Amino acid sequence: MSHIITTHGLSKTYRDRTVVRDLDLRVPEGCVYGFLGPNGSGKSTTMKMLLSLVRPTTGEVRIMGRRMERSTRRDLLRHIGSLIEAPPAYAHLTGGENMRLVQRLLGLSDGQVRRAVQTVRLQDHLGQRVSRYSLGMKQRLGIALALAREPRILVLDEPTNGLDPAGIEEMRKLLTHLAERGITVMVSSHLLGEIDRTAEVLGILGRGRMLFQGTRSELFARSVPDVLVDTADPDRAAALTRRWGGVRDGAGVRVPGLDHATTADLVARLVREGVAVYGVRREEQSLEDVFMDLTGGGGL
Ligand SMILES: Nc1ncnc2c1ncn2[C@@H]1O[C@H](COP(=O)(O)OP(=O)(O)OP(=O)(O)O)[C@@H](O)[C@H]1O
Ligand SMILES: [Mg+2]
């Protein structure tokens, strides 16, 4: 798999506070990469370093295999469109006027602007002032502005923030559509649910460190299911399994986070002690649970 964005040992320290620590990003080409983490975990800082808006304290950024530095910066940034924090449009101008400003600034063709506007489906709203746009329309205009130069990479910081469920769904479809066209989309969110099904690869940050990077199924493989024991004597079973964290749950006992070997030990113990076991079930965690476990639940 070829990686279009990589970082090696990327860190950012403000005064004496390290807010991004030793990050090795691997963003595969042509996918939606979901960059997740609680508020303050360092997502925006990392994205700004990828875009050369913030200077890394240590480490390096590579775009398409080339190291980002003074001499390559201009050339590499031509391949990246971005939307960082607030939508970048002028509110007192119309959508169309904003597009024309960017067109002139970057020397783009009418065709490039038209295609970008059609991709985000704003063609019928170009005559309207941006101050009258809904938040979802503003976000889409921001993406059109970033798309117009036909970049290979889009870096979007929380484009779903504040959108209603329909707006979020529309944004998901747009991101998937862009990736199908071969554009690599790196998108951040502090809410797993907003992008987890859209993103093929996830990077999860916690306090500036990468806690997990890989596919959704690789993340699922990390989950440790609860074990549920059906028994005639739940009180005794709970007492016997207490050292593994067993507690009564309805007519049975729930023991959190057990691997296979420990589950076997636990069942053997119950049987040895003469507790009648009717059934043992493993309850898979949701992706949300795995995410919470990884990030410690902070702000999520
Ligand atoms: N210019 C700065 N000077 C000092 N500290 C900063 C600066 N920019 C960011 N920080 C701190 O770095 C940490 C990470 O911030 P960052 O904005 O990267 O997080 P985030 O993951 O994008 O959070 P959110 O989900 O709230 O957008 C925060 O604690 C923030 O206060
Ligand atoms: Mg942020």
- Query: With labels modelled as points extended 7 Å from the Cα through the Cβ direction, what inter-label distance (nm, one decimal) is found for Arg129 paired with Ala166?
  - Reply: 2.4
- Task: Tally the DSSP beta bridges in region 3-221 and give the antiparallel ones as a percent, rounded to 5.
- Result: 55
- Query: Along the charge dipole of the chain, which of Gln128, Thr198, Val19 sits closest to the positive end, that is, farthest toward it, with unit charges on the beta carbon of Lys, Arg, Asp and Glu (+1, +1, -1, -1)?
  - Reply: Gln128
- Item | Shape of region 226-284, Cα gyration tensor, a/c cut at 1.5 | rounded
- Note on the structure: region 226-284: relative contact order from alpha carbon pairs under 8 Å, six or more residues apart, as a whole percent, is 50
- Message: Using only the alpha-carbon atoms, how far is helix 135-147 inclined from the longest principal axis of the chain? Give it as 0 to 90 degrees, nearest 10.
- Response: 60
- Message: Can you give me the C-alpha center-to-center distance between region 189-210 and region 270-296, rounded to a whole angstrom?
- Response: 25
- Message: Can you give me the C-alpha center-to-center distance between region 5-72 and region 114-147, rounded to a whole angstrom?
- Response: 28
- Message: Suppose all protein chains stay in the model; what accessible area per residue would a 1.4 Å probe give for the chain, in Å²?
- Response: 50
- Folded to 0 to 90 degrees: helix 110-119 orientation relative to the chain principal axis, Cα: 30
- Residue-by-residue Karplus 3J(HN,Hα) for region 220-236, coefficients 6.51, -1.76, 1.60, Hz, glycine and proline x: 4, 4, 6, 6, 10, x, 6, 10, 10, 10, 8, 8, 6, 10, x, 5, 5
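What shape does the chain have by the C-alpha gyration tensor, where a ≥ b ≥ c are the square roots of the eigenvalues, rounded means a/c under 1.5, and otherwise prolate means a/b greater than b/c and oblate the rest?
Numbers: a/c = 3.03, a/b = 2.13, b/c = 1.42.
Prolate, because a/c is 1.5 or more and a/b exceeds b/c.
Let me have the relative contact order for the chain, percent, based on Cα pairs under 8 Å that are six or more residues apart. Write down the numbers at each step before the final one.
Values: 561 pairs, mean separation 61.7, N = 300.
RCO, the chain: 21 percent.
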- Message: Taking R0 as 45 Å, what FRET efficiency do you get between Arg121 and Ala221 from their Cβ-Cβ distance, rounded to the nearest 0.05?
- Response: 0.75
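So, R0 is 41 Å and r is the distance between the beta-carbons of Val247 and His8; what FRET efficiency does that work out to, to 0.05? Mind showing how you got there, number by number?
Numbers: r = 45 Å, r/R0 = 1.09.
Efficiency for this residue pair is about 0.35.
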- Quick one: what are the phi-derived ³J(HN,Hα) couplings along region 176-183, Karplus 6.51/-1.76/1.60 with θ = phi - 60°, whole Hz, x for glycine and proline? 4, 4, 5, 5, 4, 7, x, 7
- Query: Hey, which lysines would be in cross-link range of Lys173, C-alpha to C-alpha under 19 Å, not counting anything within fewer than 8 residues on its own chain?
  - Reply: Lys138
- Task: Using only the Cα atoms of region 148-299, build the gyration tensor, take square roots of its eigenvalues as a ≥ b ≥ c, and label the shape rounded, prolate or oblate: rounded if a/c is under 1.5, else prolate if a/b is larger than b/c, else oblate.
- Result: prolate
- Message: Explain nothing, just the number: dipole magnitude of region 226-284 about its Cα centre with +1 on each Lys and Arg Cβ and -1 on each Asp and Glu Cβ, in debye rounded to the nearest 20.
- Response: 200
- Per the 1.4 Å probe, what fraction of the accessible area of the chain, in percent, lies on carbon and sulfur atoms? 47
- Under 5 Å from the placed amide H of Gly206, counting only residues 5+ away or on other chains, we find Leu211
- Using a 10 Å cut-off on Cβ atoms, rank the peptides 105-112, 25-32 from the highest mean neighbour count down. 25-32, 105-112
- Enumerate the calculated ³J(HN,Hα) couplings along region 44-51 in order (Karplus 6.51 cos²θ - 1.76 cosθ + 1.60, θ = phi - 60°), each rounded to whole Hz, writing x wherever the residue is Gly or Pro. 5, 4, 4, 4, 5, 5, 4, 9
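The values are calculated or read from the model by the stated rules, or taken from the named source; none is laboratory data. Small disclaimer: the values here were computed from a predicted structure and weren't measured. Using ideal geometry, Cβ is built from the backbone for each residue, glycine included, and neighbour counts are taken over all protein chains shown. Note: accessible area is taken over every heavy atom of the protein model, side chains too, but ligands, DNA and RNA are not part of it. Shrake-Rupley method; radii C 1.70, N 1.55, O 1.52, S 1.80 Å.
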